[in-house]
Amino acid sequence: MRHRKIRVLIAKPGLDGHDRGAKVVARGLRDAGMEVIYLGLRLTPEQIAEAAIQEDVDVVGLDCLFIWCPYGFVSQDSGTY
């Protein structure tokens, strides 16, 4: 039985223009055998959600500086802030 690769979408929401960290993570996931789709910088949540649906991804990874991300962040311990 052939298994499909895990598909990961990496995106950079908000106004922060630095994407080195996202690219490093994307490369590491590719090296681990995952299929990675990198969307780039300065995206809205709507653009990211639309791309995730279109690409039929298993995981969405967001690289967002807390101070510059107008959409908040998710804490593993206590939910969305």
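Restricting Glu50, Glu55 to those that are farther than 15 Å from Arg7 by Cβ and either over 11 Å from the mean Cα position of the chain (by Cα) or β-branched (Val, Ile, Thr) (or both) reduces the list to Glu50. The set of residues in the range 1-23 that are of a type in the set (A, V, I, L, M) and surrounded by 11 or more Cβ atoms within 10 Å (Cβ to Cβ) comprises Ile6, Val8, Leu9, Ile10, Ala11, Leu15, Ala22. For the residues Gly40, Gly33, the requirement of being of a type outside the set (Asp, Glu) and at pLDDT below 90 singles out Gly40.
The values are calculated or read from the model by the stated rules, or taken from the named source; none is laboratory data. Values in this document were obtained by computation on a predicted structure and should not be read as measured data. Glycine also receives a Cβ, built like all others from the backbone with ideal geometry; neighbour counts cover every protein chain displayed.
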